[in-house]
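Visitor: My structure is below; once you've seen it, I'll send some questions.
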Amino acid sequence: MLLSTKDLSFEYPGSSEMVFPDLDCGSGETHLILGPSGSGKTTLLHLLGGLLKPKSGSIKVNEIDIGKLSGSEADKFRGQHIGLVFQQPHFVSSLNVEENLLLAQKLAGQPTSSGKITELLEQLGIAEKLKKKTSELSAGEKQRLSIARALINRPAVILADEPTSALDDDNCKNVINLLEDLAAQNGSALIVVTHDKRLMDYFSKKTLLN
Ligand code: ADP
Ligand code: MG
């Protein structure tokens, strides 16, 4: 398994414990985690990406328990193996779309390639925004740029938080098909957390949070 969790729990200071169902996702598999607002989806995704440390349980990515790594080890591991699509994406506002993606390649120690960037932006339908500042993008365009940034380095595991919530039905379908295609092309595991029930029919595995 590329990613698996066991007996995972988490607690924000002063709040009650959240317990998560066990997950596993193999190479080329897609997993949808569906739950209402406040059910812990973002928390779970941040645990899977090593941004939060679990209270108990294990999170194995490529056989490494990411919950047991130090902060800097987890950052390095994430850069090499995990692409995160955040619910609230932040970009470097002084840079344009292309420069933000060149930066993502550099930070991961990858060779920079404008060709790869343009190809991915074309697949996402925002190639004409290449030279635009990120502050000039609509919410849906930012969401697609966030996906581009997560995928540009072809990570083994793609974690996406509400990647379609700001998209209309047509773009929702395009984006989810593209995420699945790119995951399949790269043999990546794709895990999406969302409250968007439009995504129900697309995934090979589903887990409900409540
Ligand atoms: P979802 O993404 O499903 O809407 P979250 O993971 O964001 O859910 O939140 C799960 C629960 O944890 C909610 O009750 C929320 O209020 C609480 N929570 C989220 N972030 C924090 C935080 N930084 N500190 C304390 N409680 C938090
Ligand atoms: Mg959330």
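Visitor: With just the Cα atoms defining each centre, how far is the range 6-39 from the range 81-101? Give it in Å.
Guide: Spelled out, the Cα-based centre of one part sits 24 Å from the other.
Visitor: Run the reach check for Lys68 against lysines, Cα to Cα strictly under 29 Å, same-chain hits fewer than 8 apart removed. What comes back?
Guide: Straight-distance partners of Lys68: Lys6, Lys41, Lys53, Lys55, Lys60, Lys76, Lys106, Lys205, Lys206.
Visitor: Could you calculate the contour length gain from Glu122 to Ser4, that is, 0.36 nm times the residue separation minus the distance between their Cα atoms, to one decimal place in nm?
Guide: Details: separation 118, 0.36 × 118 = 42.48 nm, distance 3.27 nm.
In short, 39.2 nm is gained.
Visitor: Something else: With r as the distance between the Cβ atoms of Tyr12 and Ser114 and R0 = 41 Å, compute the FRET efficiency 1/(1 + (r/R0)^6) and round to 0.05. Please list the in-between numbers first.
Guide: Details: r = 42 Å, r/R0 = 1.01.
That pair, Ser114 with Tyr12, gives E of 0.50.
Visitor: Work out the FRET efficiency for Ser27 and Leu130 from their Cβ-Cβ distance, taking R0 = 41 Å, and round it to the nearest 0.05.
Guide: Values: r = 31 Å, r/R0 = 0.77.
Step by step, r from the Cβ atoms, then E = 0.85.
Visitor: Could you work out [θ]222 nm for the chain from helices alone, using -39500 (n - 2.57) per DSSP H run of at least four and dividing by all its residues? Round to the nearest 500 deg cm²/dmol. Please report the intermediate quantities before stating the final value.
Guide: Values: 6 runs with 72 residues, N = 210.
Dividing the helical sum by the residues of the chain leaves -10500 deg cm²/dmol.
Visitor: In percent, what relative contact order does the range 1-71 have, based on Cα pairs under 8 Å that are 6 or more apart in sequence? Can you show the working numbers first?
Guide: Details: 105 pairs, mean separation 28.3, N = 71.
Reported relative contact order: 40 percent.
Visitor: Considering only Leu120, Val97, Leu44, whose Cα is most displaced toward the positive end of the charge dipole of the range 38-128, charges sitting on Cβ of Lys, Arg (+1) and Asp, Glu (-1)?
Guide: The one lying farthest along the dipole's positive direction is Leu44.
Visitor: Within the P(r) computed for the range 92-207, what percentage of the Cα pairs occupies the region above 19 Å? Mind showing how you got there, number by number?
Guide: Values: 2962 of 6670 pairs.
In whole percent, the long-distance tail amounts to 44.
Visitor: Taking a ≥ b ≥ c as the square roots of the eigenvalues of the Cα gyration tensor of the range 131-196, is the shape rounded (a/c under 1.5), prolate (a/b larger than b/c) or oblate?
Guide: On the way: a/c = 1.95, a/b = 1.32, b/c = 1.47.
Here the range 131-196 falls in the oblate category.
Visitor: Still on this structure, I have one more. How high is the relative contact order of the range 14-164? Use alpha-carbon pairs under 8 Å, at least six apart in sequence, and give a whole percent.
Guide: For the range 14-164, the relative contact order is 28 percent.
Visitor: Continuing with the same structure: For the chain, I need the span (max minus min coordinate) of the C-alpha atoms along each principal axis, in Å, sorted largest to smallest.
Guide: Here the spans come out as 45, 37, 35 Å, largest first.
Visitor: First select every other residue whose beta carbon is under 13 angstrom from the beta carbon of Thr134; then total the charges, Lys and Arg +1, Asp and Glu -1. Provide the component values of the computation, followed by the final result.
Guide: Details: positive: Lys129, Lys131, Lys132, Lys133, Lys142, Arg144, Arg149; negative: Glu98, Glu99, Glu136, Glu141.
Surrounding charge for Thr134 is +3.
Any read-out appearing in this document is the output of simple, stated calculations on the displayed coordinates, not a laboratory observation. Just so it is clear, the model here is predicted, and its values are computed rather than measured. Note that each Cβ is placed from the backbone with ideal geometry, even for glycine, and that neighbours are counted across all protein chains shown.
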